[in-house]
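See below for the structure under consideration.
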Amino acid sequence: MAAKEAEAAAEWRTVRLKLHILIRCGLCYGRLTPPVYQFENGFVTCRKCQKILEPSSSSTPGYIRNHGLEKVIEFLSIPCSHSTHGCNEYLPYLGSSIANHEKDCSYVPRRCFVKKCAFEAPNGALVQHLTAEHRSTIHNFSYEVPLRVSIDPYEPLLVLRESDDGVDFVLFEPFDNCSEHYNFSVVCCSQSRPSNKIFSKLAATSDEGMEISLKAPVEQWKGLFGVSLVVPGCFYNRDGKIDLDVYMYVED
Ligand SMILES: [Zn+2]
Ligand SMILES: [Zn+2]
Ligand SMILES: [Zn+2]
C-alpha cells in the first residue's frame, strides 16, 4: 500500500504555466470547465460560447471536444490564493475544495485587534505585529493552571502564550471602550489551530468580593469574536486596572 501511495505521489510534478491562457475561454474569457470545445480556427471555448460560434447552416459542426485539455483541467491542482502569505496548499481546480479551503485557510489575513490600526496579516504574523508595533505584553501560561493578569483599560489587550505548545491566544476588548463596563474575549491567534478543543474561564473579582466569570470555547481568530465577559466599571482595582483570573483548559 505504501509503495502504491509513493508511486501515485511520484506522478505529481510542479510546473509553471500561465493559467489564464490555458484555462480561460477564448471568447468570453471565463473559467473553462469541461466540456471544452475547439473550433477549426483554433478557438478554445466554453459550452456557452460554443453555442454562439456554432455555424447554423453547415453540414460539419466546425468544432470538436478538446478532451486533452479537459483531462488537464480535471487533474489540475492550483495553489491557495493565500500562498503569498505562506499557505502551501494545492487543491483541485474543479469542484468546491479550493473555495472551502480558502474560506477556512489559516493564512487568511486578519485585521489587527487594535481598533485604529488598519494592519492586516495571517494569525501568526498578527501576534508578531502586536508585540513589535503595539508592544503588547506576552504572558506565558500552562493549560489547567490559573493565571492572574492585570489589564490597563486604556490598552486592553495582551498575548497569552502556552508554555509547552507555544500556541498564542489574545485576550482583548472587542468593543469600543466605555468607562461603564469592559468586555473581554479570548481567541486563538496561532497559525495552526490546536488539535484539541480549548476553553477559557475568565473571572473578575471586585474589591468588595463580588465575582463574575465566564466559560467559553476558544475559537481561531477570524475577525469575529465569540462571547465575552462583561466587567462593570466598579471592578477596577485601586490602580485603575482590572484584575482577571484566566484559566485555560483542554477538553479531552
Ligand atoms: Zn466562453
Ligand atoms: Zn490556504
Ligand atoms: Zn496593529
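If the elastic network links every pair of Cα atoms under 10 Å, which of Val36, Val108, Val15 fluctuates the most in the Gaussian network model of the chain?
Comparing Val36, Val108, Val15 in a Gaussian network model of the chain, the most mobile one is Val15.
Testing the spin-label approximation: label points 7 Å from Cα along Cα→Cβ at Lys115 and Ile64. State their distance in nm.
Here the answer is 6.6 nm between the modelled labels.
For Leu130, Leu229, what's the fewest-to-most ordering of other Cβ within 10 Å of each Cβ? The partial results should precede the final answer.
Details: Leu130 26, Leu229 21.
Exposure proxy ranking, most exposed first: Leu229, Leu130.
Gap in Å between the Cα centre of the stretch 221-239 and the Cα centre of the stretch 144-189?
Here the answer is 8 Å between Cα centres.
Through the Karplus equation 6.51 cos²θ - 1.76 cosθ + 1.60, θ set to phi - 60°, convert the phi angles of the stretch 167-175 into ³J(HN,Hα) values in whole Hz; use x for Gly and Pro.
Couplings: 5, 9, 10, 10, 9, 8, 9, x, 9 Hz.
Using Cα pairs under 8 angstrom and six or more residues apart, how large is the relative contact order of the chain, in percent? Write down the numbers at each step before the final one.
Numbers: 425 pairs, mean separation 32.4, N = 252.
Averaging sequence separation for qualifying contacts and normalising by length gives 13 percent for the chain.
Whole-Hz ³J(HN,Hα) for each residue in the stretch 212-222, computed from phi via Karplus 6.51 cos²θ - 1.76 cosθ + 1.60 with θ = phi - 60°, x for glycine and proline: what do you get?
10, 8, 8, 9, 8, x, 9, 9, 5, 5, 10
Sort 232-240, 147-155 for me by packing, meaning the mean count of neighbouring Cβ atoms within 10 Å per residue, highest on top. Please report the intermediate quantities before stating the final value.
Values: 232-240: 12.6, 147-155: 14.2.
Peptide ranking by packing, descending: 147-155, 232-240.
If each residue of separation counts as 0.36 nm, what is the full-extension length gain between Phe43 and Glu251 once their alpha-carbon separation is subtracted? Kindly include the intermediate steps, with their values, before the conclusion.
Details: separation 208, 0.36 × 208 = 74.88 nm, distance 5.81 nm.
The span from Phe43 to Glu251 would gain 69.1 nm if fully extended.
Could you tell me what percent of the DSSP beta bridges with both partners in the chain are antiparallel, to the nearest 5? If you can, show how the numbers build up before the last one.
Working: 45 of 50 bridges.
Of all bridge pairs located within the chain, approximately 90 percent are antiparallel.
Kirkwood Rh over Cα pairs of the stretch 110-251 into Stokes-Einstein at 4 °C, 1.567 mPa s: D in µm²/s? Don't skip to the end; give the middle numbers.
Numbers: Rh = 15.2 Å.
Rounded, D is 85 µm²/s.
Grab the alpha carbons of the stretch 14-104, take their convex hull, and tell me the volume per residue in Å³. Write down the numbers at each step before the final one.
Working: hull volume 9.6 nm³, N = 91.
So the per-residue Cα hull volume is 106 Å³.
Among Lys115/Lys241; Lys115/Lys197; Lys116/Lys215; Lys103/Lys201; Lys116/Lys241, which pairs are too far apart, with a Cα-Cα distance over 26 Å?
On the way: Lys115/Lys241 20 Å; Lys115/Lys197 28 Å; Lys116/Lys215 29 Å; Lys103/Lys201 29 Å; Lys116/Lys241 22 Å.
Pairs exceeding the cut-off: Lys115/Lys197; Lys116/Lys215; Lys103/Lys201.
How high is the relative contact order of the stretch 110-251, in percent, with contacts defined as C-alpha pairs under 8 Å that are six or more residues apart?
Details: 286 pairs, mean separation 38.3, N = 142.
27 percent.
Hey, if you put +1 on the Cβ of every Lys and Arg and -1 on every Asp and Glu Cβ in the stretch 158-213, which of Leu202, Ile212, Ser192 ends up farthest toward the positive end of that dipole?
So the residue we want is Ser192.
Please give every one of the aspartates and glutamates within straight-line cross-link reach of Lys51, meaning a C-alpha to C-alpha distance under 16 Å, and leave out same-chain neighbours fewer than 8 residues apart.
Glu40
Once the other residues with Cβ under 10 Å from the Cβ of Gly30 are scored (Lys, Arg +1; Asp, Glu -1), what is the net sum? Intermediate values should be presented prior to the final figure.
On the way: positive: Arg24, Arg31, Lys48; negative: none.
Taking every other residue near Gly30 into account, the sum is +3.
Sorted from fewest to most neighbouring beta carbons within 10 Å, what does the list Met210, Met248 look like? List each step's numbers first, then the result.
Working: Met210 11, Met248 22.
Exposure proxy ranking, most exposed first: Met210, Met248.
Two-decimal Rg/Rh of the chain from alpha-carbon positions, Kirkwood Rh? Please report the intermediate quantities before stating the final value.
Numbers: Rg = 26.9 Å, Rh = 22.4 Å.
Reported Rg/Rh, Kirkwood definition of Rh: 1.20.
For the stretch 224-241, just list the computed ³J(HN,Hα) in residue order, Karplus coefficients 6.51, -1.76 and 1.60, θ = phi - 60°, integers in Hz, with x standing in for Gly and Pro.
Coupling constants for the stretch 224-241: 10, 9, x, 5, 9, 7, 9, 10, x, x, 6, 8, 5, 8, 5, 8, x, 10 Hz.
Taking the chain as a Gaussian network, where each spring joins two C-alpha atoms under 10 Å apart, which residue of Glu89, Glu162, Glu11 fluctuates the most?
For the chain, modelled as a Gaussian network with Cα springs under 10 Å, the answer is Glu11.
Every read-out reported here was derived from the displayed coordinates using simple, explicitly stated rules and does not represent laboratory data. Predicted model, so just to flag it, every value in this text is computed and none were measured. FYI the Cβ positions are ideal-geometry reconstructions off the backbone, even for glycines, and counts take in every protein chain you see.
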